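Everything below concerns the one structure shown next.
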Amino acid sequence: MFVSKKENKSFVCSECGFKSVKWLGRCPECGMWDTFILEKEEEKRPDAIKPLSVDEIKLDNFFRIKFFDNSLNRIFGGGLVKGSLVLLAGNPGAGKSTLSLKIIEKLPDDINVLYFSSEESFQQIKMRTDRVLKNKNFKIISSNFFEDLVNDENLLNSVDLIIIDSIQMVGSERIPTIAGSPTTVKYIMGELIRIAKKKNISVIIIGHITKDGSVAGPKTLEHLVDVILYLDTLQNENLRILKSNKNRFGSTDEMAIFKMDEGGLTSIENIDKLNLSDSDRVGRAISCTVEGSMPIALEIESLIFYSKYGVPQRVPTGINIRRMQMLVGICEKYLGVGFGNMDIFINVSNGISIKDPQIDLPVIVSMVSSFKNKIISKESAFIGEVGLTGDLRASGNLDLRIKHLENIGIKKVYIPDVEKIKTKVEVVRIKNIKQIKEIL
């Protein structure tokens, strides 16, 4: 009787390199848990790479893949860099998979795409593709095993972009642990980096996020990728905001706005129409912020009334609560407004979250307007950071902000007392917040 020889396998700890003939949950050498992976056969080491000086490195015209969409080009820093790894994260239902199809739709026709899905079957992807995409053909793999993606060398040599949906559901035959475990994710990410850099393939990885808003999985996942994008739902449930949290090849302050409908996601280049109302109102002030290179006009709304509770409420939406409390104190100190026993609610239009200190002035104006029941003209706008002494300070992009406000029909702009600015709108310069009393 013929008895087949048992295949020799060994497992190695990914932390310390300790080897074992069988898989172990805990490494006896370093004490780490869930770190054993199946040892690879030794590969022939390539010839040593010679160092190059910066002047010797040439960038050809195709180093970035340009999209037929200004919003996507802006958020990626001018286009998708070849050989880069992009992490796209967001809440369930935000539209991550739909956005990945929009990315495919806006690519040039000569870019070959491989869509690797660990969550949907071939038929499910086909149904979604027929609804969202028009006249776009690309290759699809539906599997939960990483080896189905990387074992076909000819396939990898024929693609320019790989989209993985999603990384937390991809396992490996070499890793005995479940898909999404730290060891599995680290191994897969290491292999993806090697493939992307060696074959100059761009990789977009879709990831889940936890309850606190961070990316699920080991922190290593965020460190290894080149770009991190977050997709979120705005107050208007049909709107999605895509923000760059990390970008080695561009600005991290960029953002893009999309509208979700039956046909997928549509870029919105002019969000000002959605942010601004068309009438004069109490408790409303218009301003302009800048996200990366994109100026955005927005409304700051305030609602102030006597509190019916023992402790007055301070509820901001879109701005930091500590910043709001500081501005409340400035109003009481320098404008003589008593907010002590009043509830204060502040809202940024469409639920956009703003960290820009240049919206201090419009926040104060909207609060005082609501308190005094004073109407603010829809043709006036306010820009400026307010210090604890009540003095106003200006930062960069003031020219860009005023130019954008001029383009949307603003007639008067209140700004800090800075150098002369060329503009057709009426400019009112303010040195100290006390001058606001003349307006209100």
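Please treat every number below as a calculation from the coordinates, not as lab data. Note that the structure is a prediction, hence the values are computed from the model and not measured. Because the Cβ atoms are built from the backbone with ideal geometry, glycine has one as well, and the counts that use them run over all protein chains shown.
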Work out from phi, with θ = phi - 60° and the Karplus expression 6.51 cos²θ - 1.76 cosθ + 1.60, the ³J(HN,Hα) of each residue of region 99-104, listed in order in whole Hz, and give x for Gly and Pro. 5, 4, 6, 5, 4, 4
What is region 273-438's relative contact order, in percent, from Cα pairs under 8 angstrom and six or more apart in sequence? 27 percent
Based on the Kirkwood radius over alpha-carbon pairs, what is the Stokes-Einstein translational diffusion coefficient of region 239-358 at 37 °C with 0.692 mPa s viscosity, in µm²/s? 200 µm²/s
In terms of Cα to Cα distance under 15 Å, which aspartates and glutamates are near enough to Lys102, apart from those fewer than 8 places away along the same chain? Asp69, Asp130, Asp165, Asp261, Glu262
With no other cysteine's Cβ closer than 4.7 Å, which Cys residues of the chain count as lacking a disulfide-compatible partner? Cys288, Cys331
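Quick one: plug the Kirkwood hydrodynamic radius of the chain (C-alpha pairs) into Stokes-Einstein at 4 °C, 1.567 mPa s, and report D in µm²/s. Can you show the working numbers first?
On the way: Rh = 25.2 Å.
For the chosen part, D equals 51 µm²/s.
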Fewest-first sequence of Cys288, Cys13 by Cβ atoms within 10 Å of each Cβ: Cys13, Cys288
Over 27 Å (Cα to Cα) - which of Lys106/Lys211; Lys66/Lys246; Lys211/Lys243 fall in this group: Lys106/Lys211
Using the count of nearby Cβ atoms within 10 Å as a rough guide to exposure, how do Ser202, Ser267 rank from fewest to most? Ser267, Ser202
Check: C-alpha center region 166-199 vs C-alpha center region 342-416, spacing in Å is 47 Å
Remind me, relative contact order of region 60-269 in percent, using alpha carbon pairs under 8 angstrom and six or more residues apart? 28 percent
Using helices alone, I'd like the mean residue ellipticity at 222 nm for the chain: each DSSP H run of four-plus residues gives -39500 (n - 2.57), total over residue count, nearest 500. -6500 deg cm²/dmol
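Can you pull out the trypsin sites (Lys or Arg not before Pro) in region 126-223 whose DSSP state is coil and whose Cβ has at most 14 other Cβ atoms within 10 Å? Walk me through the numbers on the way to the answer.
Working: sites: Lys126, Arg128, Arg131, Lys134, Lys136, Lys139, Arg174, Lys186, Arg194, Lys197, Lys198, Lys199, Lys211, Lys219; in loops: Lys134, Lys136, Arg174, Lys211, Lys219.
Passing sites in region 126-223 are Lys134, Lys136, Lys211, Lys219.
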With a 10 Å cut-off between alpha carbons and a GNM built on the chain, which of Gly213, Gly263, Gly384 moves the most? Gly213
Let me know the shape class of region 273-438, please: from the alpha-carbon gyration tensor, a ≥ b ≥ c as square roots of the eigenvalues, rounded when a/c is under 1.5, otherwise prolate if a/b is greater than b/c, or oblate. prolate
³J(HN,Hα) computed for each position of region 363-369 - Karplus, 6.51 cos²θ - 1.76 cosθ + 1.60, integer Hz, glycine/proline x: 5, 5, 4, 5, 5, 5, 4
To the nearest 10 degrees, how steeply does helix 122-132 sit against the main Cα axis of the chain, on a 0 to 90 scale? 30 degrees
Relative contact order of the chain: what whole-number percent is it, with Cα pairs under 8 angstrom and at least 6 residues apart? 12 percent
Per residue and in Å³, how big is the convex hull formed by the alpha-carbon atoms of region 60-269? 120 Å³
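What is the antiparallel percent of DSSP beta bridges lying wholly in the chain, to the nearest 5?
Numbers: 45 of 83 bridges.
About 55 percent, rounded to the nearest 5.
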Cut-off under 15 Å on the C-alpha distance; same-chain residues fewer than 8 positions from Lys199 excluded. Which aspartates and glutamates are left, in chain and number order? Asp152, Glu153, Asp160, Glu191
Run the dipole for the chain about the Cα centre, Lys and Arg Cβ at +1, Asp and Glu Cβ at -1, nothing else charged, and hand back the magnitude in debye, nearest 20. 740 debye
Is region 243-303 rounded, prolate or oblate when judged by the Cα gyration tensor, a ≥ b ≥ c being the square roots of its eigenvalues, rounded requiring a/c under 1.5 and prolate requiring a/b larger than b/c? oblate
If Leu161, Leu392 are placed from fewest to most neighbouring beta carbons inside 10 Å, the sequence is Leu161, Leu392
